[in-house]
Amino acid sequence: MSGRNTALTPPADAAAPVRHPDAPPPGELLGAHYEHCFGCGDGQPHGLHLQARAGEGVRVTAEFTVKAAHQGAPGLAHGGVLATALDETLGSLNWLLRVIAVTGRLETDFVRPVPVDTVLYLEAEVTAVAGRKIYSTAVGRIGGPQGPVALRADALFIEVKVDHFIDNGRPEEIRAAMADPDQVRRARAFEVNP
């Protein structure tokens, strides 16, 4: 896309993304990475409750319904909520690479307003990987997967170790997540976003 920040342009020596052999199969619902995540967690009454599914290659699709609690202007989704939906969807891509990564940069274009009670359909894909940097892009549509484009984003995620969360998170939440006996849920709690 023209006018994009060069920090979101993969370097010439970037590699094509490779789906991890243990990634969920295409069509599988990824589920919440953390119960209290505002983007995908069931433990957030006013959260987005975004549901992402694994796609082909290193792609995901997701949906979320804009509720009254998500509005900014009367009857319309708040732009920050829409950016959160994009960020959550883009972050879900890292589960297909099987890496822990946080958002380094997110550039969003708001193309058209998204009314309350609209289902927002999102598609995201990793476009390149360069060392710890993961480049990705997403689009959000209203009215269906082929509906008009409402928003777009390009993102740069940075692969981190779990220490990033342990060193910076609130100790009680970190302890609770680390104590989860479910190994997959424990790993996924630290999967995306700072």
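A simple count of charges around residue 148, restricted to other residues whose Cβ falls under 9 Å of its Cβ and scoring Lys, Arg +1 and Asp, Glu -1, yields +2.
Looking at the P(r) of the range 1-130, how many percent of alpha-carbon pairs lie beyond 24 Å? Numbers along the way, then the final one.
Details: 2679 of 8385 pairs.
Considering the range 1-130, 32 percent of its Cα-Cα pairs are separated by more than 24 Å.
Near the amide H of residue 104, within less than 5 Å, lie the amide hydrogens of 156, 157, 158, all on another chain or at least 5 residues away, with H placed in the peptide plane.
Filter the trypsin sites (Lys or Arg not before Pro) in the range 66-132 down to the DSSP loop ones having no more than 16 other Cβ atoms within 10 Å, then list what survives. Walk me through the numbers before you get to the answer.
Working: sites: 67, 98, 105, 132; in loops: 67, 98, 132.
Here the trypsin sites (Lys or Arg not before Pro) that fit, given the DSSP loop and packing criteria, are 67, 98, 132.
Pairs of alpha carbons in the range 67-136 separated by more than 13 Å make up 68% of all such pairs.
Computed from the coordinates by the stated procedures, all read-outs in this text should not be read as laboratory data. All values reported here derive from a predicted model rather than from experimental measurement. All Cβ positions, glycine included, derive from the backbone under ideal geometry; neighbour counts span all protein chains shown.
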